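Trainee: The following block contains the structure, expressed as structure tokens.
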């Protein structure tokens, strides 16, 4: 079995190298046979990687503990769902997942571009196959998922914090995002190599970029909810280095998605887009490097290993190659038009880019500061949450403002009258909302008041834009309001899907501000019959209960809960002990009140020998808006990416010459 897995991995490496080489030769010689061979090699590459996956899955399901990573991440008592998710719980398995998704995406890109992008595809194949070769080589020579040992009687099990349903969704979602950004990067580099200065590569990768960006965002939100319900500190984002590493490519990808609109519409910001798509790909590699190398301390990171040097070398090659190529093709990146006014959509998107990149740089500086400090002074100095929170507010509030202005302001130059017509009412309502918050006693958090005021401004501006568009659609015929609304969105899914995503961000900002600025916290040690008051809640400790699960023993504190003197039920925060893993984990108790818009969040910090317990209790207002935002975000991204036949026909006419050499 192990020999078969190693053989499949070695075959994948050879096929990736062959596809990269024939892609380059085919592009340079314009040889259709070489290009066809490179194309077929990508399908074979995907098949070889799937064969390696099958070997590892069979070993996991069959409890073959002679495989080292199977013994380290699973056990016979591990439930089936977590048993399958142990595939990517190890360092080597997660790298194999990276390669699997990349090989699958490469095959899909080749299949969907058989008769289009003839000049670009050989280079695209070479770049994507070269990236696959890097991961296959790293696993073949440095992090072999098929390493064997003398089989123990049972495995060591899975880390208790990973025994959560989110383990089956959060890592794959992030990986789909991390790997997906390789596609627009490959097309961008291919366009430069082929000497193309048009926006064809942007159009060809629009949905790939949207999908990768959406999966990154959804993955982070899934991870936030996982941390909220599992880790047991009451928050959803700890500014952990690996959390930040996932945020970085999402920020630059967000800037890229806005910036490409300017290139498509005005032929501007071409160099910006090359820099942004390269930065996004490099940061996705950097995030993988942080998690896999163990170079930084994180609850998400694996143990220290030598593969960090592989990543550093590959990242250096990517940066050097992209920089050299952009420099040599700089004549292709000249703007076709000049910016006419600072009060225009082009200027707003440029300011948007600057803020996204500024925030990304601040987060990157915070992540890498311990490494810089260690190299310069010899001491490991870390950056704490207040550093990140300062820049999140400093860059985030202007971004929220631009989120309401950018999509609605006119191209080229906006008049004062149009600004007043478009933004007068939203600004007024946002200002009134801020004044009401101050009057209600929330003025001691100026950043929170500003965040809420700007969120109201953006929400009103977007809703009014939907109303104006729907009214205009109704004026063209006799459609009812719902049908006119659906028709409006259907005729410009990219635009209105983007508005829905902006609404999701507004909902997220409101929820994050509520839980960050206005949470109530209480702690206490209680004996049976004693009470702890936190805000409007009273919690009475009734005693301890013990129960057994499939692979754990749990001890819970039984609490009766009352709000404003009225009983509302019981909560049972607990702690679980996992014998196979030799570890314990907190099991928080959460009571959600949707009507009041808050969570009662209870943590059992410890149980003492005298029968008393130590509790930490939080009242988190508006926190559930974060999870609502995740659903709205996913829906908006789906609307924006949904295929549009009218747009496809228009683009087909525009790029009618984009065929494979020698094919009709």
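The values are calculated or read from the model by the stated rules, or taken from the named source; none is laboratory data. Quick caveat, the model's predicted, so the values are computed rather than measured. Note: ideal-geometry Cβ built from the backbone for every residue, glycine included; neighbour counts use all protein chains shown.
Trainee: Quick check: is even one residue across segment 441-449 without any contact (Cβ under 8 Å) to a residue 24 or more places away in the chain, outside any helix (DSSP H, G or I) and either touching a strand residue (DSSP E or B) at 6+ places or on another chain (Cβ under 8 Å) or within 23 Å of residue 619 (Cα to Cα) (or both)?
Mentor: Filtering segment 441-449 for residues without any contact (Cβ under 8 Å) to a residue 24 or more places away in the chain gives 441, 443-444, 446, 449.
When the remaining residues are screened for being outside any helix (DSSP H, G or I), the result is 443-444.
The next check asks that each one be either touching a strand residue (DSSP E or B) at 6+ places or on another chain (Cβ under 8 Å) or within 23 Å of residue 619 (Cα to Cα) (or both); those that pass are 443-444.
Checking segment 441-449: at least one residue is without any contact (Cβ under 8 Å) to a residue 24 or more places away in the chain, outside any helix (DSSP H, G or I) and either touching a strand residue (DSSP E or B) at 6+ places or on another chain (Cβ under 8 Å) or within 23 Å of residue 619 (Cα to Cα) (or both).
Trainee: Let me ask something else. Taking the condition under 19 Å from residue 597 (Cα atoms) and in a strand (DSSP E or B), does residue 521 pass? Write out each step before concluding.
Mentor: Working: under 19 Å from residue 597 (Cα atoms): yes; in a strand (DSSP E or B): yes.
For residue 521, the condition - under 19 Å from residue 597 (Cα atoms) and in a strand (DSSP E or B) - is met.
Trainee: Sticking with this one: For residue 143, state whether it is out of contact with any strand residue (DSSP E or B) (no Cβ under 8 Å at 6 or more places or on another chain), within 25 Å of residue 10 (Cβ to Cβ) and in a helix (DSSP H, G or I). Write out each step before concluding.
Mentor: Details: out of contact with any strand residue (DSSP E or B) (no Cβ under 8 Å at 6 or more places or on another chain): yes; within 25 Å of residue 10 (Cβ to Cβ): yes; in a helix (DSSP H, G or I): no.
No: the conditions fail for residue 143.
Trainee: I'd like to check something: does segment 262-272 contain any residue that is within 27 Å of residue 98 (Cβ to Cβ), assigned to a helix (DSSP H, G or I) and touching a residue at least 12 places away in the same chain (Cβ under 8 Å)?
Mentor: Within segment 262-272, the first condition is being within 27 Å of residue 98 (Cβ to Cβ), and the residues that meet it are none.
No: zero hits.
Trainee: Of all residues in segment 347-381 being in contact (Cβ under 8 Å) with a residue 40 or more places away in the chain and surrounded by fewer than 18 Cβ atoms within 10 Å (Cβ to Cβ), which is nearest to residue 236 (Cα to Cα)? Give the derivation first.
Mentor: Residues of segment 347-381 in contact (Cβ under 8 Å) with a residue 40 or more places away in the chain: 348-353, 355-357, 359-360, 363-364, 366-367, 370-371.
Those left that are additionally surrounded by fewer than 18 Cβ atoms within 10 Å (Cβ to Cβ): 351, 371.
Values: 351: 29, 371: 26 Å.
Checked segment 347-381; the qualifying residue nearest to residue 236 (Cα to Cα) is 371.
Trainee: Additional query: Exactly one of (1) more than 24 Å from residue 275 (Cβ to Cβ); (2) surrounded by fewer than 16 Cβ atoms within 10 Å (Cβ to Cβ); (3) modelled with pLDDT of 85 or more is unmet by residue 443. Its number?
Mentor: (3)
Trainee: If you scan segment 99-118, which residues turn out to be assigned to a helix (DSSP H, G or I) and surrounded by 21 or more Cβ atoms within 10 Å (Cβ to Cβ)? Please lay out each step first, then the result.
Mentor: From segment 99-118, those assigned to a helix (DSSP H, G or I) are 99-112; that's our starting set.
Once the filter is applied, which keeps residues that are assigned to a helix (DSSP H, G or I) and surrounded by 21 or more Cβ atoms within 10 Å (Cβ to Cβ), segment 99-118 yields 99, 100, 102, 103, 105, 106, 109, 110.
Trainee: Determine which member of the set 410, 472, 484, 414 is within 22 Å of residue 498 (Cα to Cα), over 31 Å from the mean Cα position of the chain (by Cα) and outside any helix (DSSP H, G or I).
Mentor: Details: 410 fails: over 31 Å from the mean Cα position of the chain (by Cα); 472 fails: outside any helix (DSSP H, G or I); 484 fails: outside any helix (DSSP H, G or I).
Just one listed residue meets the conditions, 414.
Trainee: Under 6 Å between Cβ atoms, at least 6 apart or on separate chains: pull out the pairs that start in segment 204-223 with a residue that is outside the structural domain of residue 191 (by TED's automatic domain parsing) and end on any residue that is assigned to a helix (DSSP H, G or I) and surrounded by 23 or more Cβ atoms within 10 Å (Cβ to Cβ).
Mentor: So the pair list comes out empty.
Trainee: Which residue, of 369, 351, 361, is modelled with pLDDT of 85 or more, part of a helix (DSSP H, G or I) and within 21 Å of the chain's Cα centre (by Cα)?
Mentor: On the way: 369 fails: within 21 Å of the chain's Cα centre (by Cα); 351 fails: within 21 Å of the chain's Cα centre (by Cα).
Being modelled with pLDDT of 85 or more, part of a helix (DSSP H, G or I) and within 21 Å of the chain's Cα centre (by Cα) holds for just one of 369, 351, 361, which is 361.
Trainee: Search segment 544-560 for residues that are without any contact (Cβ under 8 Å) to a residue 24 or more places away in the chain and pair each with any residue that is crowded, with 17+ Cβ neighbours inside 10 Å and part of a loop (DSSP other than H, G, I, E, B) when their beta-carbon atoms are under 6 Å apart and the residues are at least 6 apart or on different chains.
Mentor: Once the first residue is without any contact (Cβ under 8 Å) to a residue 24 or more places away in the chain and sits in segment 544-560, its partners that are crowded, with 17+ Cβ neighbours inside 10 Å and part of a loop (DSSP other than H, G, I, E, B) give 558/572.
Trainee: In segment 27-54, which residues are farther than 19 Å from residue 126 by Cβ and either in contact with a strand residue (DSSP E or B) (Cβ under 6 Å, 6 or more places away or on another chain) or crowded, with 22+ Cβ neighbours inside 10 Å (or both)? So that I can check it myself, show each step before the final result.
Mentor: Quick first cut of segment 27-54, residues farther than 19 Å from residue 126 by Cβ only: 47, 50-54.
Residue satisfying the conditions is 52 alone.
Trainee: Would segment 289-307 turn up any residue that is in a helix (DSSP H, G or I), at pLDDT below 75 and surrounded by 13 or more Cβ atoms within 10 Å (Cβ to Cβ)? So that I can check it myself, show each step before the final result.
Mentor: Within segment 289-307, the first condition is being in a helix (DSSP H, G or I), and the residues that meet it are 289-293, 307.
Now restrict to residues that are at pLDDT below 75: 292-293.
Now narrow it down to the ones that are surrounded by 13 or more Cβ atoms within 10 Å (Cβ to Cβ): 292-293.
Yes, segment 289-307 contains a residue that is in a helix (DSSP H, G or I), at pLDDT below 75 and surrounded by 13 or more Cβ atoms within 10 Å (Cβ to Cβ).
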